[in-house]
Amino acid sequence: MSFDLSPGPWRPGLSPALRLSLRPAPGAFGEALTESSARAAAAPGIAGGKAREGSSVPLVPRYYRSREVDVQAEPVSSGPLVYPELAYLSKLRGTVRARVFISEDGIVESVQVVDVKPRRGVFEEAALEALRQVRYKPAEIGGNRVKSQKLIEVKFNPYDEERSAVD
């Protein structure tokens with residue numbers, strides 16, 4: 001089965017901008033599986049951290065979500081949350097939601113901003129800098145340390161004088 005996508009209405013002689021072809025998985029309609037297609041169908045694929053034999057797709061490290069681990073990553077130390085001066089003087093409130101990717105050693109490997117309010121670019125850099133400084137007790141599965149990810153919300157409130165670190 002294939003789909004052709006073209007900008008605007010179709011006209012004779014117009015070549016598609018994108019052609020998408022779908023093929024059923026081996027064994028999907030009851031046909032016999034060969035040994036190599038059976039291994040490929042049973043393999044966990046990229047999500048499990050292994051690429052199929054002969055694949056040119058690079059392996060992507062697996063970061064487990066909180067609900068997938070036995071022991072969640074817990075912060076053990078954090079850096080200061082520096083309120084942007086202009087936002088503080090303007091008494092501007094804000095929230096930054098970010099996904100933090102944590103190594104097996106409890107070090108923040110990367111941070112990805114998910115949502116920001118207000119969307120003026122005022123709070124993102126301060127939140128990212130504070131989140132990069134947090135150190136964690138690593139997540140565990142079956143007693144083994146694993147890479148994990150957490151969704152963190154950083155709130156900026158100029159009326160809360162006790163704010164000095166990331167929650």
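Cross-link partners for K137 among the lysines, with Cα-Cα distance under 30 Å and sequence neighbours closer than 8 places in the same chain left out: K50, K117, K147, K150, K155.
The residues neighbouring T95, those whose beta-carbon lies less than 10 Å from its own, together hold a net charge of +2 under the Lys/Arg +1, Asp/Glu -1 convention.
Label separation (K137 vs R93): 3.3 nm, computed from points 7 Å beyond Cα along the C-beta direction. Residues F101, F123, sorted by accessible area with the largest first, give F101, F123 [1.4 Å probe; ligands and nucleic acids excluded].
The values are calculated or read from the model by the stated rules, or taken from the named source; none is laboratory data. These numbers were taken from a predicted model, which means no experiment stands behind them. Using ideal geometry, Cβ is built from the backbone for each residue, glycine included, and neighbour counts are taken over all protein chains shown. Heavy atoms of the whole protein, side chains included, go into the accessibility calculation; ligands, DNA and RNA do not. Shrake-Rupley method; radii C 1.70, N 1.55, O 1.52, S 1.80 Å.
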